[in-house]
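Step one of this worksheet: look at the structure below.
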Amino acid sequence: MSRRYDSRTTIFSPEGRLYQVEYAMEAIGNAGSAIGILSKDGVVLVGEKKVTSKLLQTSTSTEKMYKIDDHVACAVAGIMSDANILINTARVQAQRYTFSYQEPMPVEQLVQSLCDTKQGYTQFGGLRPFGVSFLFAGWDKNYGFQLYMSDPSGNYGGWKAAAVGANNQAAQSMLKQDYKEDMSREEAVQLALKVLSKTMDSTSLTSEKLELAEVFLSSSGKVKYQVCTPDALSKMLIKYGVTQAPVES
Amino acid sequence: MSIFEYNGSALVAMVGKNCFAIASDRRLGVQLQTIATDFQRIFKIHDKLFLGLSGLGSDAQTLHQRLVFRHKLYQLREERDMKPETFASLVSAILYEKRFGPYFCQPVIAGLGDDDKPFICTMDSIGAKELAKDFVVAGTASESLYGACESMFKPDMEHEELFETISQALLSSVDRDCLSGWGGHVYLVTPTEVTERILKGRMD
């Protein structure tokens, strides 16, 4: 490896690679995984919580899922402090669009705008790239429900099902096998939980180690972003056979 | 004619027993000509916070859009709605930013704060807050509104009576002002529900 070319983020290696970007992706490969699945009536995001300790002060805020605007949410994998900066940037960009055009920002444009920010850190300034990959889930009136994955290089793509973080290769191939077109939101939740349980390192899966969020249209036609409560999540895990029901003594 | 009187407006907010009401007229004019009779001056920020903006219509709309921007970001970051007192401070700060080229608006803020305690306030176009316990008024009809509210207001009215009082105060005051009128728009807010009613008054 040409270690001489590592230190400057803004230089290509002789083989035509950007090492800093690749190292950033390495960092994400060690972080908690996240899976997103597009269904015909919503988008499902599931995340693995890496930090679980009894000492952690539980609060209602989430570790992996964040709302960007009323119609877009994202799941995060990678360095949390980098993610916070980008999430804030995305939120401000979405509001700026709404201020100018008085309508919600189309999902792809939001993703593109954030990826343009990320790309800047690979070309100028001499600063390292962000060590975060995102899964964006949203709805807009042009293209309906959408799922996008973006990485530290600033590349993004639209996906039917995607995985980021630890064991994402395994998760991605499992999704490729089991994903069906025209899945309902419930089937998508089931698939996401199954795939995550198989690729996660931990032996037993409880609702404390997971986060589940869905983006869907409510009965009044408005886009809703809802994070599943731990109780409902536990019930779902038992229902789908991911965890064993507690033994009645 | 002053720039504040260019479009014409009337706004009033009143405090009741665990509820508040905020009302506006519906006319948008260009000096003496009436352009619209359904102009929205009162905006919902969240379920327990309403903002009325009197004065120049364009500034009212732009100011409202800027405040929605700030409030949405606040909601996303703090994961809660803004308290009315906090929102009033935000509006005041935004208005003062433009101290030497101000927004030609006079806002009226009404909301339910902690423990659903009603909060109302108004401010001038550069952000000087005026907190009141009973009622606040703004717009071209403000002088008539002051008189009408002072005589009709009683503390601790229930929401039905509050609605009647604020409607009468608004309609009688805009009848004495040629630049405001063409009906009324009243929002009555209690801890459990928000009722929106349109008033039919003298359509002139």
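Looking only at the stretch B:51-64, count how many residues are hydroxyl-bearing (S, T, Y) and more than 10 Å from chain A (Cβ to nearest Cβ).
So in the stretch B:51-64, the residues hydroxyl-bearing (S, T, Y) come out as B:54, B:58, B:62.
Okay, now just the ones that are also more than 10 Å from chain A (Cβ to nearest Cβ), so B:54, B:58.
Here the count works out to 2.
Only residues that are over 23 Å from B:C149 (Cβ atoms) and among the acidic types (D, E): list them for the stretch B:12-44, please.
B:D38
Filter the stretch A:59-77 for residues that are polar (S, T, N, Q) and farther than 22 Å from A:S197 by Cβ and give the result.
Step one: list which residues in the stretch A:59-77 are polar (S, T, N, Q), which gives A:59-62.
Within the stretch A:59-77, A:S59, A:T60, A:S61 qualify.
Spot the failing condition for A:S61; the list is (1) touching a helix residue (DSSP H, G or I) at 6+ places or on another chain (Cβ under 8 Å); (2) surrounded by fewer than 22 Cβ atoms within 10 Å (Cβ to Cβ), and only one is missed.
The single condition A:S61 does not satisfy is (1).
Sort through A:G78, A:G47, A:G29, A:G36 and tell me the only one that's buried (at least 24 other Cβ atoms within 10 Å of the Cβ), farther than 20 Å from A:Q146 by Cα and more than 14 Å from chain B (Cβ to nearest Cβ). Explain how you work it out, then say what you get.
Values: A:G47 fails: farther than 20 Å from A:Q146 by Cα; A:G29 fails: buried (at least 24 other Cβ atoms within 10 Å of the Cβ); A:G36 fails: farther than 20 Å from A:Q146 by Cα.
Selected residue: A:G78, the only one of A:G78, A:G47, A:G29, A:G36 that is buried (at least 24 other Cβ atoms within 10 Å of the Cβ), farther than 20 Å from A:Q146 by Cα and more than 14 Å from chain B (Cβ to nearest Cβ).
Could you list all residues from the stretch B:88-121 that are part of a helix (DSSP H, G or I) and either under 14 Å from the mean Cα position of the chain (by Cα) or within 17 Å of B:P191 (Cβ to Cβ) (or both)? Steps first, answer last, please.
Residues of the stretch B:88-121 that are part of a helix (DSSP H, G or I), as a first pass: B:88-97, B:114-116.
The answer is B:A88, B:V91, B:D114, B:D115, B:D116.
Could you check A:T60 against (1) outside any helix (DSSP H, G or I); (2) within 14 Å of chain B (Cβ to nearest Cβ); (3) under 23 Å from A:A163 (Cα atoms); (4) out of contact with any strand residue (DSSP E or B) (no Cβ under 6 Å at 6 or more places or on another chain) and say which number it fails?
Among (1) outside any helix (DSSP H, G or I); (2) within 14 Å of chain B (Cβ to nearest Cβ); (3) under 23 Å from A:A163 (Cα atoms); (4) out of contact with any strand residue (DSSP E or B) (no Cβ under 6 Å at 6 or more places or on another chain), A:T60 violates only (3).
Consider only pairs whose beta carbons are under 8 Å apart and that are at least six residues apart or on different chains; among these, list those whose first residue lies in the stretch B:92-106 and is within 11 Å of B:L63 (Cβ to Cβ) and whose second residue is exposed (fewer than 13 other Cβ atoms within 10 Å of the Cβ).
That search, which allows pairs on different chains as well, returns B:F104/B:I3.
Within the stretch A:172-201, how many residues are in contact with a strand residue (DSSP E or B) (Cβ under 6 Å, 6 or more places away or on another chain), among the aliphatic types (A, V, I, L, M) and more than 10 Å from A:V46 (Cβ to Cβ)?
Number satisfying all stated conditions: 3.
Have a look at A:V92, A:V107 and point out the one that is of a type outside the set (D, E) and within 18 Å of A:A162 (Cβ to Cβ). If you could, list the steps in order and put the result at the bottom.
Numbers: A:V92 fails: within 18 Å of A:A162 (Cβ to Cβ).
None of the others qualify; the one that does is A:V107.
Can you say whether B:L67 is within 14 Å of chain A (Cβ to nearest Cβ) and out of contact with any Gly (no Cβ under 9 Å at 6 or more places or on another chain), as far as the supplied structure shows? Quick ask: steps written out before the conclusion?
Details: within 14 Å of chain A (Cβ to nearest Cβ): yes; out of contact with any Gly (no Cβ under 9 Å at 6 or more places or on another chain): yes.
Yes, satisfied.
Restricting the search to the stretch B:156-180, which residues are hydroxyl-bearing (S, T, Y) and not in a loop (DSSP other than H, G, I, E, B)? First the steps, then the outcome.
Taking the stretch B:156-180 first, the residues hydroxyl-bearing (S, T, Y) are B:165, B:167, B:172-173, B:180.
Within the stretch B:156-180, B:T165, B:S167, B:S172, B:S173 qualify.
For the stretch B:56-112, enumerate the residues that are over 22 Å from B:F135 (Cα atoms), buried (at least 16 other Cβ atoms within 10 Å of the Cβ) and among the small types (G, A, S).
The one that is over 22 Å from B:F135 (Cα atoms), buried (at least 16 other Cβ atoms within 10 Å of the Cβ) and among the small types (G, A, S): B:G57.
Tally time: how many residues in the stretch A:87-111 are within 9 Å of chain B (Cβ to nearest Cβ) and touching a residue at least 12 places away in the same chain (Cβ under 8 Å)?
Residues in the stretch A:87-111 being within 9 Å of chain B (Cβ to nearest Cβ) and touching a residue at least 12 places away in the same chain (Cβ under 8 Å): 5 in total.
Given the residues B:I3, B:I22, which is the only one that is surrounded by 17 or more Cβ atoms within 10 Å (Cβ to Cβ), touching a Leu at 6+ places or on another chain (Cβ under 9 Å), touching a residue at least 24 places away in the same chain (Cβ under 8 Å) and more than 14 Å from chain A (Cβ to nearest Cβ)? Don't jump to the end; show me each part of the working.
Working: B:I3 fails: surrounded by 17 or more Cβ atoms within 10 Å (Cβ to Cβ).
Unique residue meeting the criteria: B:I22.
Throughout, read-outs are computed from the coordinates displayed, never taken from laboratory work. The structure presented is a predicted model; accordingly, all values stated were derived computationally and were not measured. Neighbour counts are summed over all protein chains in view; Cβ atoms, including those assigned to glycine, are modelled from backbone coordinates with ideal geometry.
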